[in-house]
Amino acid sequence: MKQSEENIKNLKNEKPAASSELSAADQAKYNKQKPKVDAVLKKVETKKTDAADKFKLGQYGEAIKSYKAAINVLESAIEDFPLFKKDLT
């Protein structure tokens, strides 16, 4: 989970490492998709916070479901936003 948290922080604040190597078309696509990716990351953070709260209350099964939901959102994002694949994995 630490790896994912680090990737999320990096993605929120930076362009991909190879951003300078993107074609003009890919750069435009990147800029257009960035707000959508940010929204996905916000959704993931919400699910993770919900899971942590449930875990603290002893609702372990529900916490696991919330963590799995966060993982599913990230997996879907990898398919939907291929320019961000390296940052989301």
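Values in this text are rule-based calculations from the coordinates and carry no lab data. Please read all numbers here as calculations on a predicted model, not as lab measurements. Neighbour counts run over all protein chains shown; Cβ positions are idealised from the backbone, glycine included.
State which entries of LYS29/LYS68; LYS36/LYS85; LYS32/LYS68; LYS54/LYS86; LYS36/LYS86; LYS36/LYS56 exceed 19 angstrom in Cα-Cα distance in the structure shown. Long pairs (Cα-Cα over 19 Å): LYS29/LYS68; LYS32/LYS68; LYS54/LYS86; LYS36/LYS56.
Label zone of SER23 (point 7 Å out along Cα→Cβ, amide N under 19 Å): in the range 63-89 this covers 81-86.
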